[in-house]
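To start, the structure under review is shown below, and the notes come after it.
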Amino acid sequence: MSIQLTTDQVWHEIEQNLFAVLGMVTSTGEARTAGIVYVVDEGRFYIGTDKASWKAKYIVANPHVSLTIPIAKSIPFMPWIRIPSATISLSGLAHVLELGEVKADVFKKLYHDVVKDEKAMAESCVIEVIPEKDFVTYGVGIPLMQMRFPNKARGRVAVVSK
């Protein structure tokens, strides 16, 4: 039996993290992944990138993506014991947005007023990922010792936009 998670619990975990692996498909149908930093706003993920990046090009060619968010696990006072990360995975549709299309508060969360270089900003864009269907989890919301049992560690919950 898998864990009984709620959508709110999964969103809470997502919002506590900032790193994910973005899965894309190239224009020639090859799978690619890239590590990204994200922010969440109203049930959508936002990723800052360069307009010339492969991420942006691949998404323009094929908007179907996946995200996997690893959640580090450890035993307090025993960091030498290695524990696999918990994960949250999802599929979604992605869109490449011009910076002017992004809400001001999302833009501020992404760039933290750090980037002042107008040329760099002119070459930047934002990828918006809208999750679809279900979150698929492993090791989320359970004690570490339960992660040893796949039937207890797996979870699935519907994506419900916030």
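Throughout, read-outs are computed from the coordinates displayed, never taken from laboratory work. The structure presented is a predicted model; accordingly, all values stated were derived computationally and were not measured. Glycine gets a Cβ as well: all are built from the backbone with ideal geometry, and neighbour counts include every protein chain shown.
Are there any pairs, at least 6 apart or on different chains, whose C-beta atoms fall under 9 Å, with the first in the stretch 23-41 and at positive phi and the second polar (S, T, N, Q), and if so, which?
Here the result reads G29/N62, each pair linking the stretch 23-41 to a residue that is polar (S, T, N, Q).
Taking the stretch 73-111 as the search range and keeping residues that are touching a residue at least 24 places away in the same chain (Cβ under 8 Å) and charged (D, E, K, R), which one is nearest to M145 (Cα to Cα)?
So in the stretch 73-111, the residues touching a residue at least 24 places away in the same chain (Cβ under 8 Å) come out as 73, 75, 83-99, 101-103, 105-106, 109-111.
Restricting the remaining residues to those that are charged (D, E, K, R) gives 73, 98, 101, 103, 105, 109.
Details: K73: 11, E98: 45, E101: 45, K103: 42, D105: 40, K109: 36 Å.
Applying the filter and picking the extreme gives K73.
Can you tell me which condition E128 does not meet? The list is (1) of a type outside the set (S, T, N, Q); (2) in contact (Cβ under 8 Å) with a residue 40 or more places away in the chain; (3) more than 17 Å from I59 (Cα to Cα), and all the others hold.
With (1) of a type outside the set (S, T, N, Q); (2) in contact (Cβ under 8 Å) with a residue 40 or more places away in the chain; (3) more than 17 Å from I59 (Cα to Cα) applied to E128, the lone miss is (3).
Look through the stretch 7-37, keep the residues that are of a type in the set (D, E, K, R) and within 12 Å of I71 (Cα to Cα), and return whichever of them is surrounded by the most Cβ atoms within 10 Å (Cβ to Cβ).
Going through the stretch 7-37, the residues of a type in the set (D, E, K, R) turn out to be 8, 13, 15, 30, 32.
Retained after the next criterion (residues that are within 12 Å of I71 (Cα to Cα)): 13, 15.
Details: E13: 18, E15: 11.
Per the criteria, the residue is E13.
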